[in-house]
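The values are calculated or read from the model by the stated rules, or taken from the named source; none is laboratory data. Computed from a predicted structure; not experimentally measured. So basically every Cβ, Gly included, is an ideal-geometry build from the backbone, and we count neighbours across all protein chains shown. Accessible surface is based on the protein model in full, side chains and every heavy atom, while ligands, DNA and RNA are left aside. Shrake-Rupley method; radii C 1.70, N 1.55, O 1.52, S 1.80 Å.
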Amino acid sequence: MIIAILSGKGGTGKTTVSTNLAYVLDKKGHSVKLIDLDAEEPNAHLFFDIDYSEHIDVDVKIPKVDNAKCTHCGDCAKACQFSAIVVSSKSTLVFAHLCHACGACLLACKYNALEEIPKNIGKISLGSANGIDFVKSQMNIGEPSAVRIIRQAKKYTNKNKINILDCPPGVSCPTVESIQMADFCVLVTEPTPFGLHDLKLAVDLTRQFGLKIGIVINRYDNKLIELESYLEENNIPLLLKIPYDIKIAQSYSKGKLFSKEIPQYENMFVELYNKILEIVQ
Amino acid sequence: MKILLATKGQTLDSAIDERFARASYFLIYDDKTGQLEVINNNQELSHGAGPQAVQIAIDNGASAIISAMPGQNALQAIRAANIKVYEAVGLSAKHAIEKLKSNELKEL
């Protein structure tokens, strides 16, 4: 099973839910794989003592101009959706940091004047987090898109395990890439107007892909009535409320798993998983 | 000679925009015929606005650009295309053209 944890708004608790859910399910005897797909700013590893076994480079192919063959016709620049190629009568210039490695320019070139050269954009690290299979994706600074790294990292999901995907914030390409193969999406939100606004965007996104969803409200304080009425009106299951508790914040600030530090909170993640199972089946 | 002016408005009375690639309009002015073409600049690109703006200058046959200081990507493309670029923030397009003719604009 693949469970994607996403949120829309950043900082609502995706990693908190991902890491604690992974820890508790592993402790209860399940076979768990935790995959950090937030390649722009991975941080799930901070909550474990990771023993890395392998680092794999992620390369994309970007165009290189053969000036002997190039006629400066401009077809490659017209094909590029990212303005990564500028063609004048004298030059054809490729901006490698704007290139999304789609290959459209190569298809457009009639003179075979473009070849592809590899460019490293990030890496994937495999390891073990105290017995939990762990995958970290990481993008190099300055790269335009994490999509290719996420696509590679997703290949490490294991059919025989519970795969927990710690997804990127937002609702654009990296998140779309992260959730497409999920059996279930957990949308983590916070009871603030910002949290609700971005939750609605995330709900719209998952509905466009026809995915099953449920909500976790983090830092729950019973104050934002609009949030719960929105969920009720739209028939969206509320799976878990994580209370607004200073002890949880303190544990998080030290890079600890609060379900481990505060035993009374362990069972809520078992219940979360059971509710997910119920909906998926 | 054709000149691309990165402006805030659609006429020669409009001011040169503070930004080159994300200017509201590009005016293509032909100083031989006095003909003026107005291009509505697509400002929705998250990346690549600089190279796109230079491609517009090239495609319209401009051999000079009058604008604010272009960004790094744009400058690189401007140099490769052998286009001259002049800074004229604070002036109207009309005034900037006059100053260009009398060699009073600073070439970047």
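Quick notes on this structure:
- For residues of B:66-73, the mean tally of beta carbons on other chains within 10 Å: 1
- Where labels lie 7 Å past Cα in the beta-carbon direction, separation of residue A:270 and residue A:28 in nm: 0.6
- Accessible area of the protein assembly as shown divided out per residue, in Å², using a probe of 1.4 angstrom: 48
- Placing a pseudo-label 7 Å from each Cα along the Cα-to-Cβ vector at residue A:110 and residue B:89 gives an inter-label distance of 4.3 nm.
- Hits among aspartates and glutamates - C-alpha to C-alpha of residue A:223 under 12 Å, sequence gap 8 or more where chains match: A:190
- Take each residue in A:72-85, count the other chain C-beta atoms within 10 Å of its C-beta, and the mean is 3.
- Hits among lysines - C-alpha to C-alpha of residue A:90 under 22 Å, sequence gap 8 or more where chains match: A:64, A:69, A:78, A:110, B:2, B:84
- Between B:45, B:75, B:91, the residue with the greatest mean-square fluctuation in the GNM of chain B (Cα pairs under 10 Å linked by springs) is B:45.
- Chain pair B, A: total accessible area buried, heavy atoms, 1.4 Å probe, Å²: 1100
- 15 Å reach of a label modelled at residue A:256, 7 Å along Cα-to-Cβ, counting backbone N of the stretch A:27-60: A:47-49
- Looking at the stretch B:48-97, the pairs of alpha carbons with a distance over 12 Å make up 60% of the total.
- In chain A, helices alone account for a calculated mean residue ellipticity at 222 nm of -9000 deg cm²/dmol, with every DSSP H run of four or more residues adding -39,500 (n - 2.57).
- Cα-centred dipole magnitude for the protein assembly as shown, charges only on beta-carbon of K, R (+1) and D, E (-1), debye, nearest 20: 600
- The calculated FRET efficiency for the pair residue B:103 and residue B:42, based on their C-beta separation and a Förster distance of 35 Å, comes to about 0.60.
- Residue ranges B:47-57, A:122-132, A:206-216, B:96-106 sort as B:47-57, A:122-132, A:206-216, B:96-106 when ordered by packing (mean number of other C-beta atoms within 10 Å per residue, highest first).
- Within the accessible area of the protein assembly as shown (1.4 Å probe), percent carbon and sulfur: 47
- Greater than 30 Å apart at Cα, pairs in A:159/A:247; A:61/A:200; A:123/A:200; A:28/A:256: A:159/A:247; A:61/A:200; A:123/A:200
- Exercise: per-residue mean of other protein chain Cβ atoms within 10 Å, A:87-98: 5
- Applying a 4.7 Å Cβ-Cβ cutoff to chain A, the cysteines left without a disulfide-compatible partner are A:70, A:73, A:80, A:99, A:102, A:109, A:167, A:173, A:185.
- Bridges between two residues of chain B, per DSSP, are antiparallel at a rate of about 65%.
- Chain lengthening between residue A:126 and residue A:238 when straightened (0.36 nm per residue, less Cα-Cα): 37.0 nm
- Rounded to 10°, Cα long-axis angle of helix A:193-208 versus longest principal axis of chain A: 70
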